[in-house]
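A short write-up of the structure that comes next.
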Amino acid sequence: MSTIRQVNRLRRYAPVVLANVFVASGTVHLVRPQAFAGIMPRAIPGRHHKSLIYLSGLAELACAFGLFRRTQWAAPASVAVLGAVFPANVQMALDAGSGRNPGAGDRPAVAWGRLPLQIPMIWAALQARPER
C-alpha cells in the first residue's frame, strides 16, 4: 500500500478511534466519577470537582457522537474538550509517585507519558472536519 493511501486511511479512521476513546472515558466519568477526583487540579475548589467530572464526561460523549457523524462542530469541540481536561492530566503527572492516584496513574512513566498523547488526539479530532 502506498504511503499516501496509508495516510488517507489513517485520517479516515483516526476520528473513529478518538470517538471510541471518548465513549470509554466519558462513560467512566459518569459511572465512576471518583476515579477522576484525584487528578482534579487543586486550583479548582473541591465543591466543583464532581460537577466538572460529570460535565467533562457528558462533553466527551457528545464529542464522540459528533466525531462518529463527522459533524461540523465535532473537531473544534473535541479540541476544546482535550484542552479543558489537560490541566487534570498535568496534575496527575505532577502527583505521580505520591500515592494520590490509585493504580497505574501513580506511576510517573504512565502519568507523564499521557501528556504528549494529547497531540495525536488533537490531530485525530481535526481529521473529523467534513470534506469541503
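The values are calculated or read from the model by the stated rules, or taken from the named source; none is laboratory data. Since the model is a prediction, treat every value here as computed from it, not as a measurement. Positions of Cβ are generated from backbone atoms using ideal geometry, with glycine treated the same way; all protein chains shown enter the neighbour counts. Surface areas here come from the heavy atoms of the whole protein model, side chains and all, with no ligands, DNA or RNA. Shrake-Rupley method; radii C 1.70, N 1.55, O 1.52, S 1.80 Å.
Look at region 82-122 and say how many of its residues are part of a helix (DSSP H, G or I) and open to solvent by less than 80 Å² (accessible area, probe 1.4 Å). Counting residues in region 82-122 that are part of a helix (DSSP H, G or I) and open to solvent by less than 80 Å² (accessible area, probe 1.4 Å) gives 27.
Where helices (runs of 4 or more DSSP H) sit wholly within region 1-77, those with at least 3 residues that are open to solvent by less than 30 Å² (accessible area, probe 1.4 Å) and over 13 Å from Gln127 (Cα atoms) occupy 3-31, 49-69.
Note on region 123-132: residues that are open to solvent by 50 Å² or more (accessible area, probe 1.4 Å) and touching a residue at least 40 places away in the same chain (Cβ under 8 Å) total 4. Condition (residue is under 16 Å from Arg129 (Cα atoms) and at pLDDT below 95) applied to region 47-68: is it met by at least one residue? No, that holds for no residue.
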